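For reference, the structure is listed below as structure tokens.
Throughout, read-outs are computed from the coordinates displayed, never taken from laboratory work. Fair warning: this is a prediction, and the values are worked out from it, not measured in the lab. Counting neighbours? That spans all protein chains shown, and the Cβs are built from the backbone with ideal geometry, glycine included.
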Ligand code: C2E
Ligand code: CA
Ligand code: CA
Ligand code: CA
């Protein structure tokens, strides 16, 4: 039994070392991925639950790794967030998303389809973020109201005056701000009192638990009511089932995103999708 325990321990150690080495290799490869042009974006529709029209798209990062092929953010974002690498990568994603959105047909609509971009706390803390946003918008010609920034609750924790000021400044130019993964972080709700926001993105864990019990449905109902009182639009993430769609709509959730409507797609496909799903 003792030998067996030792064998298991060794296997565990080996697996651990393999994983650590893998992370180190990814960290090194991340440094050159941007200059080598290995990143690209996909766009997932955000849909009005009442009538099914697409109002915008979330930009999602992908990495075309030279040997491992296409990697999803779950495999590398955390590593990029550990260093300053995320700043350059995130700013690239912002610029690429805005450039793509500027090429989408929009009829005579001014603020749709919009593009929603994930922003890391480190991008804010690096300084000059608002100027970067303004410059990217000016170069592309995209109206500010067709850009939404998705930030997480952790960014709003602590009383970081600089972050609040940047957000207020961005909103003054017409850019909208969404709180991402609502309810999954160290929710302090406190920030809702003084941080100017436009949209609350209800995390997928709430959407997927919605139809499992009355208790879960009541919780989501409460969050949507809270959002309405704070005059925030709600976007439910990870809508996969018609039953989730129906219940969300009945609870007053305005918008949804998920495989039920569409998977993330290329910029070109998103442009075509916008034309055929604009409604009216
Ligand atoms: P997120 O912001 O919560 O993005 C939504 C994730 O849910 C995406 O995964 C999307 O593909 C996935 N998803 C959408 N609909 C469904 C559905 O119906 N069912 C299920 N099971 N999943 C669905 P993805 O693309 O792998 O992105 C993962 C996370 O990576 C994102 O989570 C976001 O936090 C981060 N991320 C993505 N792009 C960027 C970026 O440009 N910058 C930064 N800082 N983070 C990014
Ligand atoms: Ca997001
Ligand atoms: Ca999210
Ligand atoms: Ca999420």
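In a GNM of the chain with a 10 Å cut-off on Cα contacts, which of 69, 52, 183 has the highest mean-square fluctuation? For the chain, modelled as a Gaussian network with Cα springs under 10 Å, the answer is 69. Derived from the Cα gyration tensor, the three semi-axes of the equivalent ellipsoid of segment 92-155 are 22, 13, 9 Å, largest first.
Mean residue ellipticity, 222 nm, helices only, the chain: the sum of -39500 (n - 2.57) across DSSP H runs of n ≥ 4, divided by residue count and rounded to 500, is -14500 deg cm²/dmol. Counting neighbouring beta carbons within 10 Å and listing from fewest to most, the residues 67, 184, 152 come out as 67, 184, 152.
Remark: spin-label model distance residue 17-residue 126 equals 3.6 nm, labels positioned 7 Å along the Cα→Cβ axis. Counting 0.36 nm for each residue step from residue 51 to residue 145 and taking away their Cα separation leaves a gain of 31.7 nm. Descending by average beta-carbon neighbour count within 10 Å, the peptides 22-33, 80-91, 115-126 line up as 115-126, 80-91, 22-33, the highest first.
Axis angle, to the nearest 10 degrees, between helix 161-172 and the longest C-alpha principal axis of the chain: 40 degrees. Using a Gaussian network model of the chain in which every pair of alpha carbons under 10 angstrom is joined by a spring, one finds that among 96, 109, 262 the greatest mean-square fluctuation is at 109. Using Stokes-Einstein with the Kirkwood hydrodynamic radius over Cα pairs, what translational diffusion coefficient do you get for the chain at 4 °C and a viscosity of 1.567 mPa s, in µm²/s rounded to a whole number? Approximately 64 µm²/s, per Stokes-Einstein.
Placing a label point 7 Å from the Cα of residue 160 along the Cα-to-Cβ direction, the residues of segment 58-98 whose backbone N falls under 13 Å of that point are 87. Ranked by the mean number of other Cβ atoms within 10 Å of their residues, highest first, the peptides 216-222, 34-40 fall in the order 216-222, 34-40. A Förster radius of 25 Å, combined with the Cβ-Cβ distance separating residue 40 from residue 278, puts the computed FRET efficiency at roughly 0.50. Taking the DSSP bridge list for the chain and keeping only pairs wholly inside it, about 40 percent are antiparallel.
Fewest-first ordering of 253, 111 by other beta carbons within 10 Å of each residue's beta carbon gives 111, 253. Stokes-Einstein diffusion for segment 41-181 at 25 °C, viscosity 0.890 mPa s, with a Kirkwood radius from C-alpha pairs, works out to 155 µm²/s. Put a dot 7 Å past each Cα toward the Cβ at residue 218 and residue 184; how far apart are the dots in nm? It works out to 2.5 nm between the two label points. Under the criterion of Cα pairs below 8 Å and six or more residues apart, the relative contact order for the chain equals 20 percent.
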